[in-house]
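Have a look at the structure below, then the notes.
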Amino acid sequence: MSGRLWGSRFSGRLDERIDRLSRSLPFDRRLFEQDIDGSAAWARALRRIGVLTAGELKAVLAGLEKVRGEFRQNRFRARATDEDIHTAVERRLTDLVGAPGRKLHTGRSRNDQVACDLHLWLKQEAARAAKHLSELAASLLDLAKRSIDVVLPAYTHLQRAQPVLAAHHLLAYVEMLARDRKRFVHAHAGADVLPLGCGAATGVAFPIDRTALARELGFKRVARNSMDAVGSRDAALEFLAACSICGVHMSRLGEEIVLWASSEFGFLRLDDRVATGSSLMPQKRNPDGAELARGKAGRLLGHFVALAATLKGLPLAYNKDLQEDKEACFDAADTLDGVSAALRATLERSGFDTARCAQALRGGHLLATELADYLVRKRVPFRRAHEIVGGLVAAADKRSVDVTELPLEVLREAAPEFEPDVRKALTIAAALGARKAVGGTAPGRVRRELQAWRRRLASWGESPI
Ligand code: ARG
């Protein structure tokens, strides 16, 4: 006897070193709500087929609620033989209610039980992540609205390219987060399948109504193959993939904030409440939240890779390796939570430095494309216009001025099509205003996009998943 739920055929105690590596209660206690919900539904299913009497069901349900209370209030006292959350709940239930507790595991295995707990948890967390992403998107929208008049250089290759509204730049991240949110909706659907009632590997030998069980636990569908149901973890992989891709997007946003808040760019001012100091250099104001948004992405990607690597060589069906799924998922959910909250704080407590942004528009020949487009409107083929303006940029560089500052005679020497009206085309406002087509940074277009996003976000709020 070993004091364990499976102990009767074993003589001698489990070697401490094996036990230490294999126990999962320290982390899977996080699944206690799901485990108790699943157990209560299973008990009702057992009642429906006569395995439990009405009285026994009542005792089991009351006992499970007591165990739930103990976990919730942090009063649960684990025994050394409680390997994981499933054995802990069942053991404690049996301590509390006696004989009926010993019937609960009829037809059930920890293999279908753990898959069921995990699916319930994944659904909850995918919905939460989706909600957090809409909140982060709302913070971006809010900063975009507050900064509707701010113009920045857009960069390609991190070289100044063309003027862009700061709001347009921020809305790019809203687009990314909206796709991320969709991936969580998809991950939610992937987990919305009931594994319980598949037994250890080959199905349940009692006439359990799995459709009723699914309905009771809020699952849309019932897993159709027991080996798949207990041996697969791609629902977790989908969740981790969604976390990873979203983490990559939040990392890029973090990097952008780090750059913008640097003295070199100086575009964004972080409020004291979202900047940290240095223990040595009194002048420092560091954007730690944004840096960690960048830093945590690797960890999210790591969790996806770790679980994918765990799965790739596994024969069907359940193998203990699958226990590795939980810490990856738990940490990914917590990391994503932390990062999106810190980014929200940073965005809410930041504002653009309009003067520094305007100053950055002055160098770098940001309107060179406008000059070429002007010639195109005068019927010069674009390739030729590009060459002409290239020459003008070189001439401007030689004089250490911006291409827009070259005298009209110099422009006309390069191309007779230049006329005095070229000055009108060579303003930031004209450059922005010209980009009216869908997807462009024209102020009217960006304002409409902001409104459309506000409506979309409100509709997400109404139906969270
Ligand atoms: N703690 C285990 C896990 O997380 C539960 C399933 C154990 N099943 C078993 N046959 N030992 O995967």
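The values are calculated or read from the model by the stated rules, or taken from the named source; none is laboratory data. None of the values given here were measured: they were computed from a predicted structure. Note: ideal-geometry Cβ built from the backbone for every residue, glycine included; neighbour counts use all protein chains shown.
Residues in the range 31-52 include none that are assigned to a helix (DSSP H, G or I) and over 19 Å from LEU217 (Cα atoms). Number of residues in the range 295-319 that are in a helix (DSSP H, G or I), in contact (Cβ under 8 Å) with a residue 24 or more places away in the chain, of a type in the set (A, V, I, L, M) and surrounded by fewer than 18 Cβ atoms within 10 Å (Cβ to Cβ) equals 1.
For first residues located in the range 66-90 and under 18 Å from SER22 (Cα atoms), partners that are away from the ligand (no atom under 16 Å from the Cβ) and aromatic (Phe, Trp, Tyr) and lie 6+ apart or on another chain with Cβ distances below 8 Å form the pairs ALA88/PHE76. On inspection, SER8 passes the criterion of being within 16 Å of the ligand (Cβ to nearest atom), more than 27 Å from ASP325 (Cα to Cα) and of a type in the set (S, T, N, Q). Scanning the range 100-112 for residues that are away from the ligand (no atom under 16 Å from the Cβ) and either crowded, with 22+ Cβ neighbours inside 10 Å or touching a residue at least 24 places away in the same chain (Cβ under 8 Å) (or both) gives PRO100, GLY101, LYS103, THR106. On inspection, ALA332 fails the criterion of being modelled with pLDDT of 95 or more, away from the ligand (no atom under 16 Å from the Cβ) and touching a strand residue (DSSP E or B) at 6+ places or on another chain (Cβ under 6 Å).
Here is a yes/no grid of residues against (1) hydrophobic (A, V, I, L, M, F, W, C); (2) surrounded by fewer than 17 Cβ atoms within 10 Å (Cβ to Cβ); (3) under 37 Å from the mean Cα position of the chain (by Cα); (4) not in a helix (DSSP H, G or I):
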residue	(1), (2), (3), (4)
ASP337	no, yes, yes, no
THR346	no, no, yes, no
ALA355	yes, yes, yes, no
GLN359	no, yes, yes, no
LEU371	yes, no, no, no
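Every listed requirement among (1) more than 16 Å from the ligand (Cβ to nearest atom); (2) buried (at least 22 other Cβ atoms within 10 Å of the Cβ); (3) more than 14 Å from the chain's Cα centre (by Cα) is met by LEU322 save one, (1).
For the range 64-73, does any single residue satisfy the condition of being at pLDDT 95 or above, more than 16 Å from the ligand (Cβ to nearest atom), under 25 Å from VAL204 (Cα atoms) and of a type outside the set (Phe, Trp, Tyr)? Yes, that holds for at least one residue.
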